[in-house]
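Q: Got a structure for you, written out below as structure tokens; questions coming shortly.
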Amino acid sequence: MKEALKEAKKALKEDEVPIGAVIVQNGKVISRGRNCREKSQNALKHAEIVAIDKACRKLKSWRLDDCELYVTLEPCPMCAGAIANARIKKLIFGCQEKTSSENLCEQILKSNRLNHHTEMVFDQAYENEISAMLTNFFQTKRKR
């Protein structure tokens, strides 16, 4: 999670929503991602999607079934769908999405329609730091 947090801080310096992600295989980080929607002007450039894309290219496979994804914020529905489609074994997130009470990420990843289910873990070790960074980012944006 420390590595995902580093990516989130890089996104913050670039005036992007501070969310970071890393994909780990056999205990080793194989890809990194951070939000870059503003820079790229591409709605798909969420941290998770960027990290998944890099991991798929590195492994030359769309199946990441022996990988774990660490992300600072609970994924949105689009990213949950990508996680499910990439067959990621385990999702570890550091802060719950406060704007959604429907548990959409969990509903998608545990859907009976899927033949693969991703284990979800809420790692609260950096929750306060991640939450404060996101809150401060959006408060600053609203003031501008």
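Q: Taking the alpha-carbon distance from K98 and a cut-off under 20 Å, which aspartates and glutamates remain once sequence neighbours fewer than 8 residues away in the same chain are dropped?
A: Cα-Cα hits under 20 Å: E16, E48, E74, E106, D123, E127, E129.
Q: Rounded to the nearest 0.05, what FRET efficiency do N115 and S61 give with R0 = 25 Å and r taken as the Cβ-Cβ distance? Could you check?
A: Details: r = 17 Å, r/R0 = 0.69.
According to the calculation, E is roughly 0.90.
Q: How would you rank 121-134, 74-87, highest first, on the average number of other Cβ atoms within 10 Å across their residues? Working shown, then result.
A: Values: 121-134: 15.4, 74-87: 20.3.
In descending order of packing, they fall as 74-87, 121-134.
Q: Another question, then. Once fully extended, how much extra length lies between E14 and V29, figured as 0.36 nm per residue of separation less the alpha-carbon to alpha-carbon distance?
A: Values: separation 15, 0.36 × 15 = 5.40 nm, distance 2.24 nm.
Once the chain is fully extended between E14 and V29, it gains 3.2 nm.
Q: Beyond 30 Å between alpha-carbons counts as too far, so tell me which of K58/K90; K45/K90; K54/K110 fall in that bin. Write out the running numbers ahead of the final one.
A: Working: K58/K90 19 Å; K45/K90 21 Å; K54/K110 25 Å.
Pairs exceeding 30 Å: none.
Q: Estimate the FRET efficiency between Q139 and N42 by the formula 1/(1 + (r/R0)^6), using the beta-carbon distance for r and 22 Å for R0, to the nearest 0.05. Spell out each step's value before the answer.
A: On the way: r = 25 Å, r/R0 = 1.16.
That pair, Q139 with N42, gives E of 0.30.
Q: In addition: Place a +1 charge on the Cβ of each Lys and Arg in segment 1-93 and a -1 charge on the Cβ of each Asp and Glu, then give the dipole magnitude about the Cα centre in debye, rounded to the nearest 20. Please report the intermediate quantities before stating the final value.
A: Values: 19 positive and 12 negative charges, 74 e Å.
Approximately 360 debye in magnitude.
Q: Ranked from the most accessible area to the least, with a 1.4 Å probe and all protein chains present, what is the order of H117, H46?
A: Values: H117 90, H46 35 Å².
Descending accessible area places them as H117, H46.
Q: Continuing with the same structure: Could you give me the radius of gyration and the Dmax of segment 27-144, taking only the C-alpha atoms into account and expressing both in angstrom?
A: Over segment 27-144's Cα set, Rg and Dmax evaluate to 14.6, 46 Å.
The values are calculated or read from the model by the stated rules, or taken from the named source; none is laboratory data. Everything numeric here is computed off the predicted structure, so don't read it as measured data. Methodologically, a virtual Cβ is constructed for each residue, glycine included, from the backbone with ideal geometry; neighbour enumeration extends over all protein chains shown. Heavy atoms of the whole protein, side chains included, go into the accessibility calculation; ligands, DNA and RNA do not. Shrake-Rupley method; radii C 1.70, N 1.55, O 1.52, S 1.80 Å.
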